[in-house]
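The structure appears below as structure tokens.
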Amino acid sequence: MMPTVDGLELCRQLRLQEATRTVPVLFLTAKDDLADKIKGFQAGGDDYITKPFIISELLARLQAHLRIQRLKRELALSEERYRLLIENSPDGILLLSPQLELLYHNNRFIEILKGQTQEPLTGRVLQTLFPISDLFCEISAIVERVKAAGGPAMKEAQITASNHRTVYLEVLGMPIRIRPDQVAMFQVVFRDITQRKRMEEALLQAEKINALGILTAGIAHEINNPLTGISNAIQILQRGNVARKRQDELFALVLDHIERIVRIVKDLRTFSQPHESTPALFSANEAVAEMVSLARYQVGRAKIDLETRPSPEPLFLFGDRHQFQQVILNLVVNAIQAIKETGKVTVSLQRQGGNVLITVEDTGMGIPANQMTRIFDPFFTTKRDWKGTGLGLAVAYRIVQLFKGTLTVQSTVGVGSRFMVTLPLHPPPPGGQGST
Ligand SMILES: Nc1ncnc2c1ncn2[C@@H]1O[C@H](COP(=O)(O)OP(=O)(O)O)[C@@H](O)[C@H]1O
Ligand SMILES: [Mg+2]
């Protein structure tokens, strides 16, 4: 009953404008039949008071509306904050219904897809998205695991980016429950771990070069001896006047020495060649034997007895053979370095249920109790003369983790140390008799 514009119309106009859309509107009117009240609410009103009214009731209602308004504003703000947080997350985040319908994904997920699609994705069932990218198959796989485990699950995945580089992703899945026995949604998170992977690879590579560096002195020495022999023999032959029988002896000696050098170079090559880190099946005994023969050059003239005790039965591991060998080499080199003058290093393999137990034992100086927790830390070293980088055990530990195994140590100062590696065994290759 207001002049020019009536209350209902004014309320409608307030609701139409962005700036006033959320302002609470309270009708205060003499029109008190039900139809009028409903019209008021339909126009967008929040409350309706009819005359005659009591002032204290009006005030109470205003207060209630102001409180609701404040809560609404806080809620919107908090929603906005969470939305920004999720949209700007460095991780790709998705929500799926229990029927595997894609309910939500943030922008980052689209970036990870690297423009492989312009289509809208939400509202679609996961299977229908498989043709767009392998990532959707990964999502399906992780959700299966979450279902099986009834809890969070994690896996790693790789995709090829548009520039043909490999992107490594960590895929995390978890159930979101409203009640303990009911999964309301599945949340899947993609984290780009390419940089971490590359750093790790670089670290492993650097430590391999370091281990090879330590070996070089021993190897150079081993090659020098036969070279000196060859050189002497040739000099004698050059002078002439050598009896036929003596000549033959010298030639045989030269060939012998050459063979030795060839063997040394071959030993070194098995480990130093760059390689693809593709996991494969390999024999633990063979891989250990190769590393021990390489470490043997390190012993040189020292009175160190280096013994290998292979397991009687063939044991197969699955993974990156070079990385496994690096663990053995790091442990054996440490064992040799722990011995001052004379002593013994024993490397043994044995089966323990579904695992292989590899022990590297030395009769060296041992490790003081207060250093036991620190020896696996990167850069912890007690080797003063720059021989140590302190990375050997840290790298060994990481590789053993990649193999899903364990690395433990026992040590007594003045008596020696024992490093124990357990790794899960893999069934032997079909049909192969398997060498030990
Ligand atoms: N077999 C061992 N006997 C005694 N001490 C050891 C042995 N293996 C490792 N350590 C101790 O652990 C430290 C860290 O080893 P590592 O990570 O291989 O680094 P680095 O050999 O370069 O010092 C060594 O400096 C040494 O103090
Ligand atoms: Mg070391």
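The values are calculated or read from the model by the stated rules, or taken from the named source; none is laboratory data. The shown structure was predicted, so the numbers you read here are calculated from the model rather than taken from an experiment. Heads up, the Cβs are rebuilt from the backbone with ideal geometry, glycines too, and the neighbour counts pull from every protein chain shown. Calculation scope for accessible area: heavy atoms of the full protein, side chains included, ligands and nucleic acids excluded. Shrake-Rupley method; radii C 1.70, N 1.55, O 1.52, S 1.80 Å.
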(message) So if I take the centroid of the Cα atoms in the range 354-424 and the same for the range 140-159, what is the distance between those two points in Å?
(response) 33 Å
(message) Can you work out the Karplus-derived ³J(HN,Hα) for every residue in the range 370-377? Use 6.51 cos²θ - 1.76 cosθ + 1.60 with θ = phi - 60°, whole Hz, and x for glycine or proline.
(response) 6, 9, 4, 7, 9, 4, 8, 5
(message) Within the chain, what whole-number % of the accessible surface is contributed by carbon and sulfur, with the 1.4 Å probe and all protein chains included in the calculation?
(response) 56 percent
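Report, to two decimal places, the Cα Rg of the range 280-436 normalised by 2.2 N^0.38 Å (N = number of residues). Walk me through the numbers on the way to the answer.
Details: Rg = 15.4 Å, N = 157, 2.2 N^0.38 = 15.0 Å.
Compactness ratio reported: 1.02.
Once you charge only the Cβ atoms, +1 for Lys and Arg and -1 for Asp and Glu, what is the size of the charge dipole of the range 197-424 about its Cα centre, to the nearest 20 debye?
Details: 26 positive and 21 negative charges, 73 e Å.
Its charge dipole is roughly 360 debye.
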(message) For PHE130, what residues show an amide H to amide H distance below 5 Å, using hydrogens built from the backbone and excluding near sequence neighbours?
(response) none
(request) Report Rg(Cα)/(2.2 N^0.38 Å) for the chain, keeping two decimals. (result) 1.67
(message) I'd like to know which of LEU281, ILE86, ALA335 lies farthest towards the positive end of the charge dipole of the chain, counting +1 on Cβ of Lys and Arg and -1 on Cβ of Asp and Glu.
(response) ALA335
(message) Taking the 0 to 90 degree range and rounding to the nearest ten, how far is the long axis of helix 55-87 tilted relative to the main principal axis of the chain, both from C-alpha atoms?
(response) 30 degrees
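What is the sum of charges around ILE68, taking Lys and Arg as +1, Asp and Glu as -1, for the other residues whose C-beta is under 12 Å from the C-beta of ILE68? If you can, show how the numbers build up before the last one.
On the way: positive: ARG61, ARG67, ARG70, LYS72, ARG73; negative: ASP46, ASP47, GLU74.
That works out to +2.
Going highest first, how would you order 81-93, 253-265 by mean Cβ packing within 10 Å? List each step's numbers first, then the result.
Working: 81-93: 13.2, 253-265: 14.8.
Descending packing order for the listed peptides: 253-265, 81-93.
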(request) Evaluate the Debye formula for the range 125-265 with equal point scatterers sitting on the alpha carbons, no solvent, and hand back log10 of I(q)/I(0) at q = 0.09 Å⁻¹, in q order, two decimals. (result) -0.58
(message) Please report the projected area of the range 238-361's Cα convex hull averaged over all directions, in nm².
(response) 11.3 nm²
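Beyond a 23 Å Cα-Cα separation, which of these cross-linked pairs lie in this structure: LYS155/LYS404; LYS208/LYS404; LYS51/LYS72; LYS155/LYS208; LYS266/LYS340?
On the way: LYS155/LYS404 13 Å; LYS208/LYS404 21 Å; LYS51/LYS72 29 Å; LYS155/LYS208 27 Å; LYS266/LYS340 29 Å.
Those over the limit are LYS51/LYS72; LYS155/LYS208; LYS266/LYS340.
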(message) Is there a quick way to get the dipole size of the chain? I mean about its Cα centre, with the Cβ of Lys and Arg at +1 and of Asp and Glu at -1; what is the value in debye to the nearest 20?
(response) 900 debye
(message) Let me see the P(r) profile for the range 373-417: every Cα-Cα distance counted, bins of 10 Å, each bin given as a percent of all pairs.
(response) 26, 47, 26, 2
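Select from the range 367-398 those trypsin sites (Lys or Arg not before Pro) which occupy a DSSP coil region and have at most 16 other Cβ atoms within 10 Å, ordered by residue number.
On the way: sites: ARG374, LYS383, ARG384, LYS387, ARG398; in loops: ARG374, LYS383, ARG384, LYS387.
Answer by residue number: ARG374, LYS383, ARG384, LYS387.
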(message) Step by step: find N for the range 92-192, compute 2.2 N^0.38 Å, then divide the Cα radius of gyration by it. What's the final number?
(response) 1.04
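At 222 nm, what helix-only mean residue ellipticity would the chain give, in deg cm²/dmol to the nearest 500, using -39500 (n - 2.57) for each DSSP H run of four or more? Walk me through the numbers before you get to the answer.
Details: 10 runs with 194 residues, N = 436.
Helix contribution divided over all residues of the chain: -15000 deg cm²/dmol.
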